[in-house]
Amino acid sequence: MKIAFWISLFIIFYTYIGYAIAIYIMVMIKRLSGNGKKHKIFKDYFPTLTLLVAAYNEEQHIEDKISNCLELIYPPEKLEILFITDGSTDATPGLLSTYPQIKLMHTPLRSGKIHAINRAMEEVKTDIVVFTDANTYLNKNALVNLTRHFADEEIGAVAGEKRIIQNKFSDATAGEGFYWKYESRIKKWESDLYSVVGAAGELYSIRRALYEPVPQETVLDDLIISLRIAVKGHRIIYEPNAYAVETSSVNTKEELKRKIRIAAGGIQSVFQLKFLLNPFKYPALSFQYISHRVLRWTITPLLIIISLLLNVIIVLLEGDFVYTILLIAQIIFYTMSLLGWILAKKETGNKFLFVPFYFCLMNYAMLAGMKRYFSGKQSPAWEKVRRK
C-alpha cells in the first residue's frame with residue numbers, strides 16, 4: 001500500500017513539476033556540451049503563405065479579426081487570407097464577403113471544424129499555412145516571426161504562443177493565465193531540447209506539403225496535425241514572439257465546458273497517436289509526448305484520487321507521523337481549492353487560491369472528459385465557449 005502511494009505521488013509530481021525540471025536540466029546539459037539543437041533563421045525569408053481561419057457564428061468578433069488580419073506585416077504578394085465559415089447561420093459570411101482582400105469559403109452544412117479545415121486545405125497552394133482562431137488576435141509581426149524558421153528544411157511546423165488577457169477581477173479563470181505561462185515555458189524548453197509536443201490551435205504554422213487530412217471525428221485537430229508532421233522526422237519549433245491573444249472564459253462553468261471537451265479529445269488523440277507510445281521508434285518525441293500529454297490525460301487524474309484515499313487508509317491503520325503530515329498537506333491544498341471555488345462564486349478575487357482551484361478543476365475535467373469519450377458523447381463540432 002505504501003509503495004503504491006509513493007508511486008502515485010511520484011507520477012503526480014513528475015507530471016506537473018518533475019517533467020519541467022527534467023527537460024530544463026537536459027537543455028542546460030545540451031547547451032553546456034555544445035550540442036544544442038540549432039537551426040537556420042533568416043529574417044528576410046518570405047515563402048508564400050496562407051492565413052487560414054475557421055470561423056463559426058463569429059459575427060461578434062469577425063470585424064475585429066478581419067482588421068487584425070489586414071494589419072499583419074507580410075509581403076502582400078506572398079500572402080493569402082482565407083476564411084472558411086461552414087455551417088454559420090449568423091452574419092459572419094456576409095461580413096467577410098465585403099472584403100475583396102479575403103477569400104471566403106462557405107457552405108450551409110455544419111460538419112465540424114476539422115471537416116472545414118480539410119476542405120479548405122484542398123484549395124491552399126502556398127508553401128506555408130498559418131492556422132489561427134476567429135476570436136484571437138495576433139501581434140503584427142506574428143507571420144514574419146513564424147515563417148523565418150522555415151528556411152531550415154528540418155522544421156516542419158512552428159507553434160506560436162497563447163496569451164490570456166486577465167481582467168482586474170480574478171476568478172477561477174485566473175488560473176488559466178498562470179497555466180499558459182507555465183505551459184509556454186515548458187514548450188520553450190521542449191523546442192530547445194528536440195521538438196514541441198503539438199501546437200495550440202490559436203496560432204501555429206506548417207509546411208503545406210506535410211499536411212495530411214485528419215479523420216472527421218477528430219477533436220484536437222491542432223495536436224494531431226502537428227504531431228503527424230513530427231513523426232515524419234520534422235521538428236516543431238516554439239516561437240514566443242508570434243503570439244495570439246484572447247480573453248479568458250467568462251466564468252468557471254464555461255471554462256469547465258472547454259476543459260472537458262479538450263480532455264475527451266486528449267483521450268481520443270492517445271488512441272489516434274498510439275504509435276507514439278513506442279519509445280524505441282521515437283525516443284525523444286515519445287518521451288516528451290508521454291510525459292507532457294499522455295500522463296495528464298490518462299492515469300494522473302486517477303492517481304490524484306487514489307493517493308488521497310491511500311493516504312487516509314495508511315493514517316487510519318498505522319498513524320504514521322510522516323503520512324499524517326502528508327495527509328494534512330493534502331487536506332490544506334484541497335481546502336484552498338474549495339475556498340477558491342467559493343470565492344469564484346462570490347466574484348471575490350484571490351489568485352493565490354485560484355491556482356489550486358484551477359488545478360482541481362482541470363483534473364476533474366480530465367475525468368469527465370474520459371467519461372464523455374468512452375460513452376461516445378463527444379461531437380467533433382466545436383461547442384462555443386463564452387469569453388469575457
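Read-outs throughout are calculated quantities, based only on the coordinates presented, and are distinct from any laboratory measurement. Being a predicted model, the structure only gives us computed values, none of them experimental. We place every Cβ from the backbone using ideal geometry, glycine too, and count neighbours over all the protein chains shown.
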Helix runs (DSSP H) in the chain reaching 20 Å along axis by Cα, Kyte-Doolittle at least 0.5: 19-33, 299-318, 321-345, 351-374
Efficiency of FRET from Cβ geometry, Asn141 and Leu339, R₀ 45 Å, rounded to 0.05: 0.60
Karplus-derived HN-Hα couplings along the range 99-105 (A = 6.51, B = -1.76, C = 1.60, θ = phi - 60°), whole Hz, x at Gly and Pro: 10, x, 6, 10, 8, 10, 10
Estimated dipole of the chain in Debye, rounded to 20 [Cβ of Lys and Arg +1, of Asp and Glu -1, Cα centre]: 700
Theoretical FRET efficiency, 1/(1+(r/R0)^6), r = Cβ-Cβ of Phe374 and Ala284, R0 30 Å, to 0.05: 0.45
In sequence order, calculated HN-Hα J values of the range 82-93 (Karplus, 6.51, -1.76, 1.60; Hz; x Gly/Pro): 10, 10, 10, 10, 3, x, 5, 10, 9, 7, 3, x
Contour excess over end-to-end distance, with Cα ends at Glu77 and Gln216 and 0.36 nm allotted per residue: 46.7 nm
Exposure proxy order (Cβ contacts within 10 Å, fewest to most) of Ile41, Ile12: Ile41, Ile12
Cut-off 14 Å, label 7 Å out along Cα→Cβ of Phe352, residues of the range 319-336 by amide N: 333, 336
Cα shape, the chain, gyration tensor, a/c 1.5 rule: prolate
Order of Phe42, Phe359, Phe321, Phe83 under a 10 Å beta carbon neighbour criterion, fewest first: Phe321, Phe42, Phe359, Phe83
Label-point gap, in nm, between Ile17 and Thr247 - each point 7 angstrom along Cα→Cβ: 3.5
For the range 273-348: rounded, prolate or oblate by the Cα gyration tensor [a/c cutoff 1.5]: oblate
Residue order, fewest to most surrounding Cβ atoms within 10 angstrom, among Asp64, Asp152, Asp133: Asp64, Asp152, Asp133
